[in-house]
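Okay, structure first, notes after.
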């Protein structure tokens with residue numbers, strides 16, 4: 001991904017939804033062991049990626065961030081982003 005900007009400086013990065021979800025699941029599985037917590041996390045994540053427009057996406061990202069910050073999920077967010 002780093003070479004993309006060098007080789008094609010005007011190209012847009014497009015991430016595969018499948019591979020992003022796979023990464024999120026892999027990182028979350030290391031931290032979330034409760035089935036209920038797992039279901040809540042995946043439902044929250046699913047609501048972010050299943051949006052019809054930009055405004056809905058931004059609203060759901062805010063809700064996801066609040067979910068992560070108010071639960072034991074802050075480490076997950078840091079791991080996925082880092």
(message) Could you check segment 1-21 and list, in sequence order, the residues that are assigned to a helix (DSSP H, G or I) and exposed (fewer than 11 other Cβ atoms within 10 Å of the Cβ)?
(response) 2, 3, 6, 7, 17, 18, 19
(message) Under 9 Å between Cβ atoms, which residue pairs at least 6 apart in sequence (or on different chains) link something in segment 57-82 that is at positive phi with a partner that is at pLDDT 75 or above and crowded, with 16+ Cβ neighbours inside 10 Å?
(response) none
(request) Give me the pairs, please: first residue somewhere in segment 3-31 and closer than 17 Å to residue 64 by Cβ, second residue anywhere and not in a loop (DSSP other than H, G, I, E, B), beta-carbon distance under 6 Å, and either six or more positions apart or on two chains. (result) 24/45; 24/80; 27/79; 27/80; 28/41; 28/76; 31/75; 31/76
(request) Evaluate the following for residue 32: is it outside any helix (DSSP H, G or I) and at pLDDT below 80? (result) yes
(request) Quick one: in segment 41-56, of everything that is in a helix (DSSP H, G or I) and without any contact (Cβ under 8 Å) to a residue 12 or more places away in the chain, which residue is nearest to the chain's Cα centre (by Cα)? (result) 46
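The values are calculated or read from the model by the stated rules, or taken from the named source; none is laboratory data. Please read all numbers here as calculations on a predicted model, not as lab measurements. No Cβ is skipped: glycine too gets one built from the backbone with ideal geometry, and neighbour counts run over all protein chains shown.
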